[in-house]
Amino acid sequence: MRVLHLNTHSSGGSHEYAVLLSTALAEEGIESQVLSGDSQQLESGKPFLDRVIRKAYVSFSTEPWHGTRRLLSPPRSEELQGFDLVHLHTVADWFNVPNWLETVPSGIGVVITLHDMWHLTGGCFLYRGCDRFTETCAPCPILKTPLNRILAKDEQRRKLQAYRSRRVQFVANSQWLADLAERSAIVRACGCSRVIPPGIDTDVFRPQEKAQCRAELGIPPDAFVIAAGAASLTDINKNIPWLLEQLAGLSELEDVMVVLLGEGTLEIPIGLNVRLTGGVGDRIKRAMLFNAADVFVSASLMETYGLTLIEAMSCGIPVVAFRTGGVPEAVPDEGGILCALLDAAAFKAAIQKLRHSEALRNEIGNSARKLVAARNAKSRFAAAFAHVYEACLYPGQARLIEQSALVP
């Protein structure tokens, strides 16, 4: 079996997910390759016109929204030769998915990992309580009038027809997201959505000597270090300004250092000691930063799971986050402390509780590490997807395969 993974960018969470899966599949004897949109040769004139379309999508909406009509070139037919299956990850910002699926040879299976809501809606990415995707995405609450009555509805129709005709197999990274997916008109037309928790490389994300990590990174040995971050520090959903505001309200700030991972700049509250690392694509360095911390915190308003949370947990670092989306599945009670959304008092209290008890930090950190090692190991991740691929390519065996593919 040969699998081709498709992802728009050659960096970021979904790319790391695809690369880890590809590597783990190879260890299971399944040949696998990752192809990224930003590694493709661009045709003259098309990138400019595609940027015009992208800017139009942004101007049409009040929150992140992408239509499927794009001009960038999809994977070429010769790039598909020899592959039995294509696995789509985050491709909303790459090519015209419905049109491309019509050109893919019928013998090639199609699997889609749901990293967000885009594949199962008329174009939005985040679930904000709107349930129109269950039937018809109209009127769309984030598109401007009069496009709100036609654009998302048409995009949803195009996806439904294309995905149904190709018998797409959907995989969600949490039960929370799978439950939403199975309410979607698009997913219902294709069958169901399986659940496979994301895998991570526990050989990289593992406990290390804290003092040594701090010495190498130039972090004071006696500081209480809070790690946090996002791919983009200006991403509204990641809620970084609110997070920094709460951290600035902690007592005895002179002993606190915040290590903030991510691209971009933002205003730092007066009196808060923040070290900006920039983007940290190197997993080894990221693991070292986690190990240098006493706690990892997240104020994301919505996460379908929380890959960075489980990376920190795998290093034996307790986490504090909001009880939102799929986060409670990634971080059950033994793995960290979860608070109600935007509950500033509870959020700060959780951090202070961990700050003043090394024993509690160690207890939660050890439990978190063991949990991730058992649940998110890359071998388990790859084996679960191997079952999904078999169900996609050999539907006659689907009943036997499906039970083992549904990973709790």
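With a 10 Å cut-off between alpha carbons and a GNM built on the chain, which of 352, 33, 156 moves the most?
352
Just name one of 269, 231, 259: the one whose Cα is farthest towards the positive end of the charge dipole of region 188-276 (beta-carbon charges, Lys/Arg +1, Asp/Glu -1).
231
What does the convex hull of the alpha-carbon atoms of the chain project to on average, in nm²?
Averaged projected hull area, Cα only: 19.8 nm².
With charges set only on the Cβ (+1 for Lys and Arg, -1 for Asp and Glu), what does the dipole of region 132-190 come to about its Cα centre, in debye to the nearest 20?
Once rounded to the nearest 20, the dipole reads 240 debye.
Hey, can you rank 137-144, 296-303 by average C-beta count inside 10 Å, highest first?
Most protected by this proxy first, the peptides run 296-303, 137-144.
Show which aspartates and glutamates lie in cross-link reach of residue 210 when reach means a straight Cα distance below 19 angstrom and same-chain residues fewer than eight apart are skipped.
222, 255, 282, 294, 311, 358, 363
Please compute the contact order of the chain in relative form: average sequence separation of alpha-carbon pairs under 8 Å and at least six residues apart, divided by the residue count, as a percent.
14 percent
Among DSSP beta bridges lying fully in region 161-304, give the percent that are antiparallel, nearest 5.
Bridges in region 161-304 that DSSP calls antiparallel: roughly 0 percent.
Against the 2.2 N^0.38 Å scaling, with N counting residues, where does region 30-154 land? I'd like the Cα-based Rg ratio to two decimal places.
That works out to 1.14 for region 30-154.
Measure off, as a whole percent, the carbon and sulfur share of the 1.4 Å-probe accessible area of region 252-408, all protein chains present.
Carbon plus sulfur share of accessible area: 52 percent.
Sort 259-267, 216-224, 385-393 by the packing proxy (mean of other Cβ within 10 Å over each peptide's residues), most packed first.
385-393, 259-267, 216-224
Please work out the C-alpha center-to-center distance from region 68-112 to region 240-298 and express it in whole Å.
39 Å
Spelling out what I want: for every residue of region 250-266, take phi, set θ = phi - 60°, compute 6.51 cos²θ - 1.76 cosθ + 1.60 (Karplus), and round to whole Hz; glycine and proline get x.
Whole-Hz 3J(HN,Hα) from phi for region 250-266: 6, 7, 6, 5, 4, 9, 9, 10, 9, 9, 10, 8, x, 7, x, 10, 7.
Can you sort 113, 277 by solvent-accessible area, 1.4 Å probe, largest first?
Descending accessible area places them as 277, 113.
The values are calculated or read from the model by the stated rules, or taken from the named source; none is laboratory data. Just so you know, these numbers come straight off a predicted model, no measurement behind them. Reconstructed Cβ throughout: ideal geometry from the backbone, glycine too, with neighbour counts over all protein chains shown. Each accessible area value is taken on the protein alone, full model and side chains, heavy atoms only, with ligands, DNA and RNA left out. Shrake-Rupley method; radii C 1.70, N 1.55, O 1.52, S 1.80 Å.
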